[in-house]
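**Q** Just dropping this structure here.
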Amino acid sequence: MLTPSTQACHFKSEPASRPATVVAEISTAAAASLLIACTSAPSRLENLTPGASLYGMVYDTESQPVSAVSVKIDQDAFSASTEVNGRFFIDFLPFGMHSLSLAKTGYESMETDLDFSSRSQVAYIHLVSYASLLDKAEKAIGDRDWGKARAALEELLKRDYREPFVYLFLADIRQYDLVDKAKAIEYLSAYLASREDGAVRKRIDSLRGE
């Protein structure tokens, strides 16, 4: 059971709401290394023991808990799965540097470094949901806000979401709204790399003036 006095370390860029916390910034688009630092000095018990239990919470970009996330530390040396409330628990983890990875279908995978140095340390982690970005793109397309739609769809590609329809939507926006034939051809070619489509191939030829 986590109590309000538990010291926290956050894997996110927003300031933490708890007073005794140092926040480390991380970009989930690139698995950057980070050190999680906590402000209070280790207790005498921590000085005597080589490790402790690790507690964590996983949220999406809307700050909703994410269940059934696979959590692995040092590849398969330590593992857990988040509960319905987004919590996970590693029974015992040695103090020191560890590799941390999280994965769930429909979410961007995350890999980073964890400096586990305090038995009161709690990991708060945010995962990006592909569904949330698709919802933003769909709403923007419905509102005919092509700038927001393009931004959401391109963000999906940056996060390795490679469904073919994303390339087609982006090709349409580039061709008809931004009048950027070169970029439209690039997205249509990426679509053809995943499947053959005679109509799309003719469209590319037309854009090239062939």
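The values are calculated or read from the model by the stated rules, or taken from the named source; none is laboratory data. Since we're looking at a predicted model, the values are computed, not measured. With ideal geometry, Cβ positions are generated from the backbone for all residues, glycine too; neighbour counts draw on all protein chains shown.
**Q** Could you list, in sequence order, the residues of the range 69-106 that are within 21 Å of residue 131 (Cα to Cα) and in a loop (DSSP other than H, G, I, E, B)?
**A** Matches in the range 69-106: 69, 82, 83, 84, 85, 86, 104, 105, 106.
**Q** Only residues that are assigned to a loop (DSSP other than H, G, I, E, B), more than 23 Å from residue 110 (Cα to Cα) and of a type outside the set (A, V, I, L, M): list them for the range 130-187, please.
**A** 143, 144, 145, 180
**Q** Looking only at the range 117-152, count how many residues are of a type in the set (Phe, Trp, Tyr) and either under 30 Å from residue 54 (Cβ atoms) or free of Cβ contacts under 8 Å to residues at least 12 places away in the same chain (or both).
**A** 2
**Q** Search the range 51-62 for residues that are under 20 Å from residue 106 (Cβ atoms) and pair each with any residue that is among the charged types (D, E, K, R) and at pLDDT 95 or above when their beta-carbon atoms are under 6 Å apart and the residues are at least 6 apart or on different chains.
**A** From the range 51-62, the pairs are 57/87.
**Q** Name every residue in the range 143-193 that is of a type in the set (Phe, Trp, Tyr) and farther than 23 Å from residue 206 by Cβ, in order of residue number.
**A** 161
**Q** Here is a further query. Might you check whether a residue that is crowded, with 18+ Cβ neighbours inside 10 Å and closer than 19 Å to residue 61 by Cβ occurs anywhere in the range 140-147?
**A** Within the range 140-147, one or more residues are crowded, with 18+ Cβ neighbours inside 10 Å and closer than 19 Å to residue 61 by Cβ.
**Q** Here's something else I'd like to know. For the range 157-168, check the following and say yes or no: at least one residue is among the hydrophobic types (A, V, I, L, M, F, W, C) and under 21 Å from residue 65 (Cβ atoms).
**A** no
**Q** What are the residues in the range 99-124 that are among the β-branched types (Val, Ile, Thr) and more than 11 Å from residue 69 (Cβ to Cβ), if any?
**A** 112, 122
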